[in-house]
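Only one structure is covered here, and it is reproduced in the block below.
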Amino acid sequence: MSEADIGVRLTDPSRLPTISSETQLRAVLASLAGVDAVGAEARVAKLATRSIKTSSKRRALDLIVSMIDLTTLEGADTPGRVSAMCAKARRPDPRDLSVPSVAAVCVYPDLVEGAKRHLEGSSVAVAAVATAFPSGRASLAVKLLDVSEAVAAGADEIDMVIDRGAFLSGRLGQVFDEIVAVKAACGSAHLKVILETGELVTYDNVRRASWLAMLAGADFIKTSTGKVPVAATPPVALVMLEAVRDFAESTGRVVGVKVAGGIRSAKDAIRYLVIVNETAGATWLRPETFRFGASSLLNDVLMQRLKQTRGAYVRPEEFSGD
Amino acid sequence: MSERLDVRKTYKLVINGAFVRSESGRSYEVRHAAGDFWANVAQGSRKDLRDAVRAARAAQAAWWKATAYNRGQVLFRLAEMAEARRDELAAHVAAAEGVDAPSAASSVARGIDRIVWYAGWTDKVAQVLGGANPVAGPFFNFSLPVPSGVIGVLAPQDSSFEGFVDTVLAPLATGNAVVAVTSERRPTPALLLAEMSVTSDLPAGVLNVVSGLTGELGPTLASHEDVDGIDLEGAGEHHDELAASAADSIKRVRRASAGDYAESSTSRLRSFVETSTVWHTIGR
Amino acid sequence: MAENELATPPLGTFGYDPAPESSTIARLRESYGLFIGGDFSDAASHEQFATLNPATGAPLASVAQANASDVDRAVAAARHAYDTVWSTMSGSERAKYLFRIARIIQERARELAVVETLDNGKPIRESRDIDIPLAAAHFFYYAGWADKLEHAGYGSSPRPVGVAGQIIPWNFPLLMAAWKLAPALAAGNTCVLKPAETTPLSALVLAEILQQAELPPGVVNIVTGDGAVGAALVDHPGVDKIAFTGSTEVGRLIQRRVASSAKHLTLELGGKGANIVFDDAPIDEMIEGIIDGIFFNQGHVCCAGSRLLVQETIADEVLRRLVRRVEQLRVGDPLDKNTDVGAINSAAQLARIHELANAGEAEGATRYASSCVLPENGFWFAPTIFANVSSSHRIAREEIFGPVLSVLTFRTPDEAVAKANDTNYGLACGVWSEKGSRTLWVAERLRAGVIWANTYNRFDPTSPFGGVRESGFGREGGRHGLEAYLDV
């Protein structure tokens, strides 16, 4: 898919800022408008009142399934668990073939190879969390090795974490350089850059980190690892969606957004779709540009979907745990 | 021994910090309450009022922007000057109101004390009339009393000094500029105080004082569109007409009251202030 | 081939199906009488008039047309209730009545929201989330004042004024009724309320609520009808206080008419609010604030931010973003929960908006209107932005009271303040900047009763609201709102 396909006006590519120094990076980030927290939160609260019913809801549920990065990132993960998850990713509801596959499975690098095998012949991508996930506390060499191994094992997508310590202490160049290096190590794999917004704390930081990551070459910007207490929130998603919208407008390059962590219900996920729809616009409403990093969300969406078909509430046991 | 002939003073208007004869060139005689000649005073015209309103408008913002502490000091300075000329003021009050010397002296004393009272109000008004509002949301919200702007005062006809002080100082204390029309028949105590104001630290234009015929000046002041509020204390028989013409520019109107010029209520202070409420978001 | 080719979801087609609230929730009666002395009764003339649904043009109910003798009866009922019950009741008892009213409004909120939307044309989201909850909140807030008046800062023994005549507009029918009634009742006054001719219904439902609350008869009386009813109330010698919210034109007439009486008066009149945007503003929230400032309630808001003053350095970008945002507004069925902009309240108001918008174009401003499809029946106007407006244009000076924004530019803070103050009005202004010191500098210099910094159109029962200059005098809300109903 080219950028022209998704309807964004391409501007002169020379307008893409080429960052050649930390000073310049700092200037670009400093030129970004601030975020008024009250206004941002009020905006998402208002969007949360959108009423998505009947056929819109049905479309939304299918869209959500197709946008899910079905995720397991536990120390206790086993090849067996990954295999079950991959089966579910291909065919979330074996009784209903109209349910789309999910977008990807997301696993630790050592499980990529197995996942890849289980998903052969499907459209489901394999994403690997790399760069010393989730803390990002390792040398660049270690991080790059982590990435290379995942890519070598067949990962289609790499979810990296930024160095929040470096970002918060103002070493922006270091964060930037790391993303550039990881992007190079990715080769043809897509790079999702996890900002860990719960640790960045302010919306201003989220906006600046979003731009930093996009300028450094991110294909996706992602909210969270899911490993810190505060994960994706609607206002954070709003700020990131504003960033990708504005970045596309000024550079012509379309970057995706992935919200991850804590999104468990179809209702919550629909609220995110509304935010996407009314912020970045309908062109972002596709798996290529918007993802949910989640595990239990899928079953709730399937339950809602089945309820719509059957006209009655259904038991959780209708769907497999993994 | 022949009696020395008086040097008679014609009392002038105070407009924009200057003593002016009326633009019209007219003056009129003011008499003792008993009927004898007392003084010649300038008879202000509509154009004098126009000039006075223009001066007041020009002066108001700076008067308001001066610190409340500074405004208090300036008004207190006026009280100091009046105190130094108590006897003169008392003689004028006695002549104007036909009261005996002790009554006139105590009236002047009360008037000066009233100036002091208002001088002390300048930096309290915001705390007493304003405050923080606990709105149900992430906002810092506060209300402040701000001056209405340019206030026309038709000073009381009877109480030549105390009444003038009370009606004029209240709007001044809250940061307004004033165009005052004195008592028609008893103008000199007010004009004396106006003289003092010129040599005090009150910036030019903040207090403008015009003597003349209330029936002629009142309608001009009440209908003047660049006057934000009007005190009709001395409006007399024209009171309701003036109140009606003030409606054309939605003026704040203070109707004539019972004539208590030393009450402890904040009523007069509240007459010419606006509550300005500012909301600001609170967020990281 | 991969199995999921079966199931590619339709892309870019995520629309919102209609999600209408049911109009039957309103439980409207066919006809309503006048509410006087605790009961509904026919008008003396037995005349009725129809109130319309502005979104369809269809009649909703028939309402009694009062005349001077009905007003007389209402004032007499209010006087009697004042003398015999309300002024002698302890503050704590009055408070409990107001708490009751607040609670019943909350309980009947959904019904009231639908009534309001049907009669006014405003989106159900706004009547549901703003008008009705705020109306309840006002009663709740002032209830607490009823037994604490001596602590309100107006002396140790504040007295009520007596019988208050209250005339309210059609833009926030129930909320304006609450703004008027709650402080008046808390302070110990009795009331004769005159709702707007085109939006009487929610006040009449409120009358039912007052009955449910067992408020003593005559404490609140509601007389419906046209402007003649308001005039009769203003002129009535038995009324001690007039509170009016509406146009400056009518406010001026009222001020004239009460000049020869001792009636107390507060006026909340028109506005031409300036929303001042500096180039360091939080731009996304600012765009939302501008949109909300002018399109909230179809722009039928006296404090609407109808003049956008934008710093020249960002004027093009702001305009571009605004035009894009306007396209996103969902205009249509006010009962649809997803509607952002509803119907214009009346044919007369629509004509006025058309007239001024046409004048804007004729005077050379550049018009951007939403390309939304407007419903065929009822009264509708597409959200509109005018760029290249200069201060002398009619659309920069006159209150349009509709969904029309005029965009002007400035270069320095001083110029922004000068342009913002270049109006006879002075109700509300907005300031958008991340620089606190400048925001306060600007706020200090704006001639306006309400200043919203990095937000717009926020209302709260604790926060005084009202104008300076030709936007009126007196405050509603907060401790300050009591002053209008106390003889102090």
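The values are calculated or read from the model by the stated rules, or taken from the named source; none is laboratory data. Keep in mind that what you see is a predicted model, and the values were worked out from it rather than measured. Don't worry about glycine lacking a Cβ; one is built from the backbone with ideal geometry, like all the others, and counts go over all protein chains shown. The area values use the complete protein model at the heavy-atom level, side chains included, leaving out ligands, DNA and RNA. Shrake-Rupley method; radii C 1.70, N 1.55, O 1.52, S 1.80 Å.
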When only residues in region C:37-73 that are touching a residue at least 40 places away in the same chain (Cβ under 8 Å) and open to solvent by 60 Å² or more (accessible area, probe 1.4 Å) count, which is nearest to the chain's Cα centre (by Cα)?
C:Leu52
Quick check: anything in region C:209-218 in contact (Cβ under 8 Å) with a residue 60 or more places away in the chain, closer than 30 Å to C:Ser391 by Cα and buried (at least 23 other Cβ atoms within 10 Å of the Cβ)?
no
Looking only at region A:130-151, decide whether some residue is charged (D, E, K, R), open to solvent by 10 Å² or more (accessible area, probe 1.4 Å) and outside any loop (DSSP other than H, G, I, E, B).
yes
Can you tell me which residues in region C:302-327 are in contact (Cβ under 8 Å) with a residue 60 or more places away in the chain and among the hydroxyl-bearing types (Ser, Thr, Tyr)?
C:Ser306
By residue number, the members of region B:175-203 that are of a type in the set (S, T, N, Q), over 10 Å from the mean Cα position of the chain (by Cα) and farther than 21 Å from B:Ala68 by Cα are B:Ser183, B:Thr188
Answer residue from region B:241-284, given it is within 14 Å of chain A (Cβ to nearest Cβ) and modelled with pLDDT of 95 or more and is farthest from C:Thr266 (Cα to Cα) among those:
B:Gly283
Can you list the helices (runs of 4 or more DSSP H) found entirely within region C:344-443 that contain at least 3 residues being open to solvent by less than 70 Å² (accessible area, probe 1.4 Å) and at pLDDT 95 or above?
C:347-362, C:413-420
Across region A:111-125, the tally of residues that are in contact with a helix residue (DSSP H, G or I) (Cβ under 7 Å, 6 or more places away or on another chain) and either away from chain C (no Cβ under 14 Å) or not hydrophobic (A, V, I, L, M, F, W, C) (or both) stands at 7
Qualifying strands (runs of 3 or more DSSP E) (wholly inside region C:204-282; at least 1 residues being among the acidic types (Asp, Glu) and under 23 Å from C:Thr190 (Cβ atoms))
C:264-268
Selection from region A:84-122 of residues among the small types (Gly, Ala, Ser) and over 18 Å from A:Arg286 (Cα atoms) yields A:Ala84, A:Ala87, A:Gly114, A:Ala115, A:Gly121
Does A:Glu317 qualify as being part of a loop (DSSP other than H, G, I, E, B) and surrounded by fewer than 22 Cβ atoms within 10 Å (Cβ to Cβ)?
no
Kindly evaluate C:Ala232 against the criterion of being modelled with pLDDT of 95 or more, buried (at least 23 other Cβ atoms within 10 Å of the Cβ) and within 20 Å of C:Ile104 (Cβ to Cβ).
no
Determine whether B:Ser143 is farther than 24 Å from B:Asp201 by Cα and within 14 Å of chain C (Cβ to nearest Cβ).
yes
